[in-house]
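The values are calculated or read from the model by the stated rules, or taken from the named source; none is laboratory data. Predicted model, so just to flag it, every value in this text is computed and none were measured. Methodologically, a virtual Cβ is constructed for each residue, glycine included, from the backbone with ideal geometry; neighbour enumeration extends over all protein chains shown. These accessible areas exclude ligands, DNA and RNA; they are computed on the full protein's heavy atoms, side chains included. Shrake-Rupley method; radii C 1.70, N 1.55, O 1.52, S 1.80 Å.
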Amino acid sequence: MATNGDLSMISPPTSSISNDQDPFGQLPPLPPPLRSTQVLQPLSVFPVSNLSEDSYDYVFGGRRKTPPTTTTTQLKLTSPPVRLRPEDAYRGENINNGRFYRHSFSYAPKRQRHSSRDDRDRESRLRCHGEDEATLRQLLLDLQKQVSVMSMNLSAKLDELQRGDRHLETTVALCEIRTQLQELTKSVESCQSEVSEVKRDMVAIKHELDTVQQVKEEIEELREYVDRLEEHTHRRKLRLLEQGLTFFLTYSIFSAVLGMLQFGYNTGVINAPEKNIENFMKDVYKDRYGEDISEEFIQQLYSVAVSIFAIGGMLGGFSGGWMANRFGRKGGLLLNNVLGISGACLMGFTKVSHSYEMLFLGRFIIGVNCGLNTSLVPMYISEIAPLNLRGGLGTVNQLAVTVGLLLSQVLGIEQILGTNEGWPILLGLAICPAILQLILLPVCPESPRYLLITKQWEEEARKALRRLRASGSVDEDIEEMRAEERAQQAESHISTMELICSPTLRPPLIIGIVMQLSQQFSGINAVFYYSTSLFMSSGLTEESAKFATIGIGAIMVLYS
């Protein structure tokens with residue numbers, strides 16, 4: 001194969017041409033014509049064998065200068081070999097179809113001389129050969145020209161191949177560069193897509209930053225608003241705290257607190273005349289049934305008279321909220337006085353009617369009255385009191401209770417009303433707080449909070465506040481009530497069963513119940529109702545026991 005223009009010499013095996021062999025029979029077969037897509041095959045070389053002198057003279061037109069040797073002489077051609085077809089020679093025709101290898105010539109291989117006839121034939125053929133010698137020489141010249149042309153063409157082809165190799169290398173390099181450029185383009189496109197995503201992310205981040213900035217500005221505005229609101233609230237509280245007791249506010253509180261005085265008085269009034277009431281029950285029972293009553297039964301009747309008050313108070317306490325919302329705080333107190341007057345009258349006329357059942361009924365009714373008072377009075381006072389006085393005025397209720405206890409104990413001594421004739425009057429004096437409240441309370445205004453929140457009567461609430469505050473500027477109070485209303489509306493409303501079953505509200509509910517039970521189980525109620533008999537059982541006289549009870553009441557008032 002040809003590499004970089006170097007042609008390999010491929011020679012067939014060396015052999016000598018005998019006299020009976022065709023000297024041109026050693027030529028290789030013609031290669032197929034070259035195509036543009038084929039690679040050039042290596043040039044063939046046909047040998048110049050050890051020809052005989054006649055053959056050499058026949059072919060080359062003269063004798064060899066150098067005698068033949070045993071080595072093979074090779075004729076190197078620069079183009080594919082041209083085969084002279086010997087069959088044309090055997091036809092004896094001189095055919096020329098325009099191609100150099102189509103020229104016919106007469107040739108017959110030499111044969112051994114066997115006779116004279118053969119010599120003559122050989123001479124005849126030699127003469128024919130001589131005639132064709134000129135043609136053969138011309139053929140060889142044409143062959144040499146063709147070889148030169150083919151050599152030039154081959155050189156050009158080799159140059160083209162070399163240029164083609166360089167072009168192929170360049171093409172391969174360009175293909176690699178193109179591939180790299182495509183990969184680079186893909187990378188650039190990928191980078192562009194990533195850059196686009198980053199841009200979108202940046203836009204989203206910028207939008208979020210703008211949103212955060214807006215939220216920050218809103219927060220700053222809200223903070224400023226809250227600061228202004230806090231400052232306004234602080235100024236309003238300062239103005240509210242500057243409010244003090246006015247005459248009309250004091251009058252309203254005194255009128256309302258009479259109901260708690262009623263509760264304290266009826267709690268302690270049954271204590272001092274215990275023996276007097278027991279004697280009355282014995283007389284009634286003896287007059288009714290004609291026989292003396294046992295001490296055990298007398299104690300049971302007296303226990304009923306004491307405890308039925310608490311039963312009525314329980315019922316009144318449960319209905320206090322409904323009455324306050326239905327009739328108002330002031331209206332509920334006015335209606336409650338009707339019960340107070342009724343119960344006091346029943347107890348006052350017990351001895352006249354000669355019936356201890358009337359005492360039981362009166363005690364029950366006055367118990368309902370006191371239960372309602374324990375709900376309505378603190379509610380009314382807390383709603384009409386200024387913000388700075390609300391806590392202090394809340395203790396007025398307990399003070400009124402202890403004062404009523406002390407008053408009933410003082411009036412229950414023998415020197416005043418603690419006698420067999422005076423105890424009905426002592427019980428009937430419960431009508432005084434009810435009548436006094438019924439006279440004083442109508443002048444007092446209704447609770448402003450009830451008018452504003454429950455009834456939505458703002459103008460009426462302003463009028464009530466102006467009377468209570470003795471001032472025309474009540475906007476701060478109205479605003480404070482509005483805030484309280486909003487806070488109340490924000491709270492969830494639950495039923496009693498939900499309150500009991502709620503695991504969140506159960507702990508404070510238990511704490512409140514335990515505190516109330518601890519107060520009741522402390523024995524203070526026994527002291528209120530049975531202190532005189534307790535002191536007498538400990539060795540004191542009846543009069544000393546009553547004074548000891550008065551001392552307990554005074555201590556309670558002192559520490560209220």
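Mind checking the stretch 415-459 for GluC sites (Glu not before Pro) that DSSP puts in a loop (not H, G, I, E or B) and that have at most 10 other Cβ atoms within 10 Å? Spell out each step's value before the answer.
Values: sites: Glu421, Glu446, Glu458, Glu459; in loops: Glu421, Glu446.
Qualifying residues, ordered by number: Glu421.
Take the solvent-accessible surface of the protein heavy atoms, probe 1.4 Å, and return the percent of it on the stretch 240-389 that carbon and sulfur atoms account for.
On the way: 3900 of 5900 Å².
Carbon and sulfur together cover 66 percent of it.
For the pair Ala156 and Lys206, a Förster radius of 60 Å applied to the C-beta separation gives a FRET efficiency near 0.30, rounded to the nearest 0.05. Using the Cβ-Cβ distance between Ala483 and Gln520 with R0 = 35 Å, the FRET efficiency computed as 1/(1 + (r/R0)^6) comes to roughly 0.45. Taking chymotrypsin sites (Phe, Trp or Tyr not before Pro) across the stretch 519-560, the ones in a DSSP loop with at most 12 further Cβ atoms lying within 10 angstrom of their Cβ are Tyr559.
Accessible surface computed residue by residue for the stretch 241-396, with neighbouring protein chains in place and a 1.4 Å probe, gives 40 Å² per residue.
Determine the per residue accessible area of the stretch 487-560 with all protein chains present and a 1.4 angstrom probe, expressed in square angstrom. Don't skip to the answer; put the middle values down first.
Details: 5190 Å² over 74 residues.
Per residue, the stretch 487-560 has an accessible area of 70 Å².
Farthest toward the positive end of the dipole of the stretch 293-391, out of Gly317, Ile365, Leu335, is the Cα of Leu335, where the dipole comes from beta carbon charges about the Cα centre. Taking only protein heavy atoms and a 1.4 Å probe, the accessible area of the stretch 407-520 is 62% carbon and sulfur.
At 0.36 nm per residue, minus the direct Cα-Cα distance, what do Leu558 and Lys216 gain on full extension? Give it in nm, one decimal, please. Walk me through the numbers before you get to the answer.
Values: separation 342, 0.36 × 342 = 123.12 nm, distance 5.81 nm.
Full-extension gain reported as 117.3 nm.
How big is D, in µm² s⁻¹, for the stretch 376-445 by Stokes-Einstein at 37 °C and 0.692 mPa s if Rh is the Kirkwood radius over C-alpha pairs?
On the way: Rh = 14.2 Å.
Taking Rh from Cα pairs, D becomes 231 µm²/s.
Give the residue list of GluC sites (Glu not before Pro) in the stretch 291-370 that are DSSP loop and have at most 14 other beta-carbon atoms within 10 angstrom.
Passing sites in the stretch 291-370 are Glu291.
Sequentially through the stretch 186-191, phi angles give Karplus couplings (6.51, -1.76, 1.60; θ = phi - 60°) of 4, 4, 5, 4, 4, 4 Hz, Gly and Pro residues having no value and appearing as x.
Take the Cα of Ile510, step 7 Å toward its Cβ, do the same at Asp227, and the gap between the two points is 4.6 nm.
For the stretch 472-491, the residues whose amide N sits under 18 Å from a probe point set 7 Å from the Cα of Asn388 along the beta carbon direction are 472-481.
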